[in-house]
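Encoded as structure tokens, the structure appears first; notes follow it.
The values are calculated or read from the model by the stated rules, or taken from the named source; none is laboratory data. Not measured: the values here are computed from a predicted model. Cβ placement follows ideal geometry from the backbone for every residue including glycine, while neighbour counts extend to all protein chains displayed.
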Amino acid sequence: MDVEILARIQFAFTVAFHYIYPPLSIGLGLVMVFMEGQYLRTKDKTYEVLTKFWTKIFALTFGIGVATGIVMEFEFGTNWATYSRFVGDIFGSALAAEGIFAFALESGFLGVLLFGWNKVSPRVHFISTVGVWLGSMFSAIWIVVANSWQQTPAGYHVVGEGINARAEVTDFWAMVFNPSSVERILHVWIGAFLAGAFLIISVHAYYLLKGRHVELSKKAIKIALGVALISSLAQLVTGHASAEVVAEHQPAKLAAMEGHFDENAPADLYLFGWVDKESKEVTGLAIPGGTSFLTHQDFNAPIRGLDSFPQDEIPTQINAVFQFYHIMIAIGMGLIGLTILATFYWWKGNLFDQKWFLKILVISVLLPQIANQVGWFTAEMGRQPWVVYGLLKTSDALSEVVTANQVLFSLILFFIIYALLFTLFIYLLNKKIKHGPDESPLMDQRPRQRDVSNAFSN
């Protein structure tokens with residue numbers, strides 16, 4: 001197999017596996033902030049029990065997320081040396097900012113979050129929870145900024161030629177606030193909120209079906225459902241905003257997302273379909289001129305199609321881009337419907353009596369994860385054949401000395417190790433869920449906190 005294809009598969013595999021965990025950390029962190037905030041406001045110990053329980057699961061997702069993220073940085077140097085040289089100044093700035101403003105904040109407060117329950121006051125512990133969550137949010141900012149620069153480069157100039165060419169930052173803030181960064185950051189954040197909220201909804205719906213931790217679960221679902229409802233509706237707005245940026249700055253990607261080939265004609269909006277690249281036809285159900293309307297508020301507005309671009313500047317896997325994009329949209333609309341229906345049942349007062357609906361909520365945890373994955377597949381595959389849009393093609397970004405056998409061998413090893421790691425994650429997660437929250441009466445006091453307080457008062 002071609003070394004470029006293998007290198008792309010390897011990186012896609014490691015990124016996709018890694019991206020299971022950071023969204024969960026961000027989403028869980030947000031709901032934990034609300035849970036612990038409710039404890040401080042109401043002094044209801046059930047919220048403290050919930051926060052303690054989900055802190056354990058947060059720690060699990062956070063740890064695996066950090067470990068798997070490091071691997072990708074090594075891959076830049078091994079498989080993508082030319083790419084690393086070209087974007088080094090850009091990525092170096094973004095990753096340095098992540099280390100200073102995000103990871104330091106996360107790691108600094110993480111110890112207090114995990115081990116400070118009986119050593120600091122409830123308010124200080126709440127601050128640590130907020131700090132860890134904000135750190136994970138800031139971390140997402142700088143990673144998305146770096147990726148967004150690849151999609152819509154800004155604030156740079158290119159020095160050198162050929163293999164020695166590299167992009168240098170000329171305006172740091174123009175690089176940070178490149179044309180797609182804000183919309184994509186918001187889109188990623190909200191996707192993460194949904195991932196965390198639906199994990200909590202899923203677990204506590206499971207407890208309700210089993211008749212365990214009933215009162216705790218009702219309160220947890222109400223908090224998580226509030227986050228999920230607002231986030232699912234907001235995702236519709238941020239998704240549209242991101243698509244408008246794509247339409248302006250990456251027209252070939254937009255054309256691939258909707259299977260639009262005509263050089264300068266109105267573009268239909270497909271609800272579902274199948275793209276035949278050879279015949280340049282799409283079979284499916286479409287709203288005539290729908291994409292034109294969403295982009296220009298005019299059903300007859302022309303949209304630049306794939307036929308207007310050179311063949312070596314359009315995505316090769318057009319149907320894959322089309323399918324991934326539409327799966328993401330379908331799941332997004334499904335989550336809106338699911339959260340609205342759940343809210344309706346909550347308003348009617350019978351949400352927790354709908355056994356069939358609770359079963360749906362149990363498996364709903366998969367939906368945000370799938371949507372997050374296929375959304376990134378759409379963004380990255382739709383950018384091809386460019387690794388940095390308009391500046392550096394993927395085929396030119398490879399390391400010159402790496403061989404197909406080397407990449408294949410490392411890919412097999414990664415697959416084995418990640419399979420074991422995922423199995424361990426599922427085992428530990430399942431173990432913690434089956435054990436459930438600790439509702440012991442010992443939760444009513446923090447002895448170490450009292451001792452510390454007495455020491456200072458004497």
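Once the range 170-217 is narrowed to residues that are of a type in the set (Phe, Trp, Tyr) and assigned to a helix (DSSP H, G or I), the residue that is surrounded by the most Cβ atoms within 10 Å (Cβ to Cβ) is PHE198. Pairing each residue of the range 44-62 that is basic (Lys, Arg) with any residue that is surrounded by fewer than 24 Cβ atoms within 10 Å (Cβ to Cβ), provided the two are 6+ apart or on different chains, yields C-beta distances under 6 Å for LYS45/MET443; LYS56/LYS432.
Looking only at the range 67-123, how many residues end up being among the polar types (S, T, N, Q) and touching a strand residue (DSSP E or B) at 6+ places or on another chain (Cβ under 9 Å)? Within the range 67-123, residues that are among the polar types (S, T, N, Q) and touching a strand residue (DSSP E or B) at 6+ places or on another chain (Cβ under 9 Å) number 2. Check whether at least one residue in the range 236-243 is of a type in the set (A, V, I, L, M, F, W, C), out of contact with any Lys or Arg (no Cβ under 9 Å at 6 or more places or on another chain) and surrounded by fewer than 14 Cβ atoms within 10 Å (Cβ to Cβ), and report yes or no. Checked the range 236-243: at least one residue is of a type in the set (A, V, I, L, M, F, W, C), out of contact with any Lys or Arg (no Cβ under 9 Å at 6 or more places or on another chain) and surrounded by fewer than 14 Cβ atoms within 10 Å (Cβ to Cβ). Across the range 418-458, which residue is farthest from PHE74 (Cα to Cα) among those that are of a type in the set (Val, Ile, Thr) and at pLDDT 90 or above? Taking the candidates together, the pick is ILE433.
Here is a yes/no grid of residues against (1) polar (S, T, N, Q); (2) surrounded by 22 or more Cβ atoms within 10 Å (Cβ to Cβ); (3) without any contact (Cβ under 8 Å) to a residue 60 or more places away in the chain:
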position	(1), (2), (3)
LYS253	no, yes, no
GLU263	no, no, yes
ASP276	no, no, yes
SER279	yes, no, yes
ALA286	no, no, yes
ILE303	no, yes, yes
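Residues that are assigned to a loop (DSSP other than H, G, I, E, B) and in contact with a Lys or Arg (Cβ under 8 Å, 6 or more places away or on another chain) were ranked within the range 251-288; the one that is modelled with the highest pLDDT is PHE261.
Within the range 69-120, if we keep just the residues that are of a type in the set (Ser, Thr, Tyr) and either outside any helix (DSSP H, G or I) or in contact (Cβ under 8 Å) with a residue 60 or more places away in the chain (or both), the residue that is surrounded by the fewest Cβ atoms within 10 Å (Cβ to Cβ) turns out to be THR78.
Could you please find all residues in the range 413-433 being surrounded by 12 or more Cβ atoms within 10 Å (Cβ to Cβ) and either of a type in the set (S, T, N, Q) or touching a residue at least 60 places away in the same chain (Cβ under 8 Å) (or both)?
PHE414, PHE415, TYR418, LEU421, PHE422, PHE425, LEU428, LEU429, LYS432, ILE433
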